[in-house]
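Notes to accompany the following structure.
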Amino acid sequence: EDKVVQSPLSLVVHEGDTVTLNCSYEVTNFRSLLWYKQEKKAPTFLFMLTSSGIEKKSGRLSSILDKKELFSILNITATQTGDSAVYLCAVHTFGNEKLTFGTGTRLTIIP
Amino acid sequence: DGGITQSPKYLFRKEGQNVTLSCEQNLNHDAMYWYRQDPGQGLRLIYYSQIVNDFQKGDIAEGYSVSREKKESFPLTVTSAQKNPTAFYLCASSEDTRYGYTFGSGTRLTVV
């Protein structure tokens, strides 16, 4: 059974801090790993990763995948209150038409 | 604008009643999904459909039913057999799953 584990479950930091969110997976026939941000309702897409060691970057957010150690990290630098959200990690595998999600990390930024 | 519309946003139901959640997309996506989200448990798959008139059970299908009569629509019925239906329900669609989903805004169902 495919498994995706995120850590920590929740994190509270002060504005301006840098945070690292973790996602590890145990799946068969890995194809891609995706990160989503969920503020109140609909999760919105952040990154898709398929290759090890290639950093994806968007503003203050960045993510990288390690296919040997089976994990990904999501970094957020100079955090702002607008970064407060649940961050979801999901994995897609070959031959499977659905994503497997982790439990999410709830990030709270204190002004 | 293309997207997914879920309705209603909030729904209250008495115990013992069936209720249907609507999900409509105009993205021309073949695949559609229903997930349930509970605090601390992430997203759990209820049902999914790859094409019209075909659908598969997910991990927690008991107490739920779906139909896929049109490409654009994938309604979810929460039946009285669902023992703990109070949750946030998310609908999603996809053109190619490796690139992820487009999500609707969700329906929060409360059983009173």
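The values are calculated or read from the model by the stated rules, or taken from the named source; none is laboratory data. What you are looking at is a predicted structure, and each value in this text was computed from that prediction instead of being measured. Every residue, glycine among them, receives a Cβ derived from its backbone with ideal geometry; neighbour counts consider all protein chains shown.
Below are the figures for this structure:
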{"quantity": "Test set (1) polar (S, T, N, Q); (2) more than 21 Å from A:Glu1 (Cα to Cα); (3) surrounded by 19 or more Cβ atoms within 10 Å (Cβ to Cβ) - A:Thr93 fails condition number", "calculated": "(2)"}
{"quantity": "Some residue of region B:35-46 being assigned to a strand (DSSP E or B) and of a type in the set (S, T, N, Q)", "calculated": "yes"}
{"quantity": "Residue, farthest from the other protein chains (Cβ to nearest Cβ), within region A:57-80, restricted to residues that are over 25 Å from A:Gly95 (Cα atoms) and more than 12 Å from the chain's Cα centre (by Cα)", "calculated": "A:Ala78"}
{"quantity": "From the options B:Arg36, B:Arg68, residue that is of a type in the set (Lys, Arg) and under 23 Å from A:Gly104 (Cβ atoms)", "calculated": "B:Arg36"}
{"quantity": "Count of residues meeting criterion [more than 8 Å from chain B (Cβ to nearest Cβ), over 24 Å from B:Phe88 (Cβ atoms) and in a strand (DSSP E or B)] in region A:26-48", "calculated": "2"}
{"quantity": "Count of residues meeting criterion [surrounded by 14 or more Cβ atoms within 10 Å (Cβ to Cβ) and over 16 Å from the mean Cα position of the chain (by Cα)] in region A:31-46", "calculated": "1"}
{"quantity": "Flag for B:Tyr35 being within 12 Å of another protein chain (Cβ to nearest Cβ) and touching a Cys at 6+ places or on another chain (Cβ under 9 Å)", "calculated": "yes"}
{"quantity": "B:Gln25 vs. criteria surrounded by fewer than 17 Cβ atoms within 10 Å (Cβ to Cβ), within 14 Å of chain A (Cβ to nearest Cβ), under 13 Å from the mean Cα position of the chain (by Cα) and farther than 30 Å from A:Leu11 by Cα", "calculated": "no"}
{"quantity": "Residue among B:Gln56, B:Gln6, B:Gln17, B:Gln25 that is modelled with pLDDT under 95 and out of contact with any helix residue (DSSP H, G or I) (no Cβ under 9 Å at 6 or more places or on another chain)", "calculated": "B:Gln17"}
{"quantity": "Top-ranked residue in region B:7-22 [being more than 14 Å from every other protein chain (Cβ to nearest Cβ) and assigned to a loop (DSSP other than H, G, I, E, B); ranked as nearest to B:Val66 (Cα to Cα)]", "calculated": "B:Asn18"}
{"quantity": "Residue in region B:62-72 that is surrounded by fewer than 15 Cβ atoms within 10 Å (Cβ to Cβ) and either touching a strand residue (DSSP E or B) at 6+ places or on another chain (Cβ under 8 Å) or under 19 Å from A:Leu99 (Cα atoms) (or both) present", "calculated": "no"}
{"quantity": "Scope region B:65-112; condition aliphatic (A, V, I, L, M), more than 10 Å from chain A (Cβ to nearest Cβ) and either in a strand (DSSP E or B) or closer than 16 Å to A:Phe45 by Cβ (or both); matching residues", "calculated": "B:Val66, B:Leu76, B:Val78, B:Ala87, B:Leu109, B:Val111"}
